Amino acid sequence: MSRAGVWVGGGLALLAVVAFLTLSSRQPEAVPFDVGSSAPDGYAAVARLVREQGVEVNSSTAERAAGLEGWGGSDVLFVPVPSYATTEQRAAFAGAARAGATLVYGEPYADGSEGVDQVAPDEPPTGIYLVDARTLADTPATPVDSDLCDMPDLVGLSEIDVAFAGPAAVTADNQSCFGDADLAYFQRSDLGDGSLVTLGSPYLWVNARLQPSKESNGPPLDNAATALRILSPGASELGADAPVARVTVIQARPSAGATTSGTQDPLQLLPVPVKLALVQLIAAFGIFIWWRSRRLGRPVPERMPVEIAGSELVVAVGDLLRRKGNPTRAAAELRAEARAQLGSRLGVPSSAPVQMLCALVAGRTGRDEATVRAALVDAHVADSESLVQLARTLDSLRTEVLDVPVPR
């Protein structure tokens, strides 16, 4: 098989593995505040408690609930995240309350509709910040008591956990609980024949915050009790005569055209299969880079050639040239080497005239400058005896200037 075929086959196999793992790991998209979810941010525990009171609990989209009619005093419409609904849908929810239903908002929200203005006029909507499951489960409780409470359904309750909630400004016509005269986590106002209840946060009723000190064997707080008394007041001691027949919880999905607020990590918005596929692709890319990267093995020892002193090399080359019967060329090699060594010791650059070097050598050795010039300046050498005499003269000059005898 060719190299290209191997690459194509490997790529197809990698894509097949990624596709198989992605399809096999598909999970339903997790939606916070779901009545059927047992996750830390789900409402399964509260929904079960309410159903045990004989109350029907349903889940609906904002679009479907906004189109329903026939709301009455036996209905509760719970909207965990009203900022996910459009202005028209929130107006329809307010209409259900005016018809006699109890409208419960999971966060303070102001849109100018009658009876829906639950925050200070100069403050923007609170919005929603989605909290990850690990943080919900691990964060200690922040208890708040109900010492100052004029909401009949919540009077007499003990502390609740408000770790992920924020109080809203209390208006003059509203009943409030779990707070003070200015800020409270629960508020109720009349709206037509029904009422509007707002919470400080939809996280007040999620599974993880009903007993936040469970790991340390701490007692549950009264978050679940507030849910029971608001969603099924017929089960409370101070509830209405007739029990609530139906609770409709709006799914926390942004409607088309809704102007949502709040923040969330972009990675949390990706579905689980997409996250797994990205992780697998990154892992596959890392394996490919590791496979194709350069691998340096153990160093291979290499035998180095025998080092020869420069002077010996010059002598050897001169000897070879002498044997070839060319004493003038051999003399040139010997003189060039001598000039380089002497110039290096005396600080004369190679580009300087030879006469300058000869003058310095004559001054250092005390010899006649003409004799030094005859030894260092290139000239014709007639025979081998003259070459030998020249080599001896250069050797003497090196010895006298460098004070280092040249080995033989």
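Where a number appears in this text, it was derived from the coordinates with a stated rule and is not lab data. Computed from a prediction, not measured in an experiment: that's the story for all the values here. Neighbour counts are summed over all protein chains in view; Cβ atoms, including those assigned to glycine, are modelled from backbone coordinates with ideal geometry.
Could you work out how much longer the chain between VAL272 and ALA379 gets when fully extended? Use 0.36 nm per residue separation minus the Cα distance between them, nm to one decimal.
Between VAL272 and ALA379, full extension yields an extra 29.5 nm.
Relative to a virtual label point 7 Å from the Cα of ARG246 in the Cα→beta-carbon direction, which members of segment 45-74 show backbone nitrogen distances below 17 Å?
Under 17 Å, as judged by backbone N against the label point of ARG246, lie 51, 54-74 of segment 45-74.
Quick one: if the Förster radius is 41 Å, what FRET efficiency do THR399 and GLU302 give, using the C-beta to C-beta distance and rounding to 0.05?
That pair, THR399 with GLU302, gives E of 0.65.
Would you mind ranking CYS149, CYS358 so that the residue whose beta carbon has the fewest other beta carbons within 10 Å leads the list?
The most exposed by this proxy come first: CYS149, CYS358.
Mind giving me the FRET efficiency for ASP368 and ASN326? R0 is 30 Å, r the Cβ-Cβ distance, nearest 0.05 is fine.
0.55
Starting from the amide H of VAL381, placed 1.01 Å from N in the peptide plane, find each other amide H under 5 Å away whose residue is 5 or more places distant or on another chain.
Long-range HN contacts for VAL381: THR328.
What full-extension length gain, to one decimal in nm, is calculated for ARG345 and LEU148 as 0.36 nm per residue of separation minus the Cα-Cα distance?
60.8 nm
What's the exposure ranking of TRP71, TRP290, going from fewest to most Cβ atoms within 10 Å?
TRP290, TRP71
Starting from the Cα-Cα distance between GLU333 and THR61, subtract it from 0.36 nm times their residue separation and give me the gain in nm to one decimal.
Going from the current span to full extension adds 87.9 nm.
What is the order of LEU278, LEU387, LEU130, LEU103, fewest Cβ neighbours within 10 Å to most?
LEU278, LEU130, LEU387, LEU103
Which FRET efficiency value, to the nearest 0.05, is calculated for ARG253 and ASN217 with the Förster distance at 30 angstrom and r the Cβ-Cβ distance?
E between ARG253 and ASN217, to the nearest 0.05, is 0.25.
So how do 55-68, 186-199, 34-47 stack up, highest first, on mean other-Cβ count within 10 Å?
186-199, 34-47, 55-68
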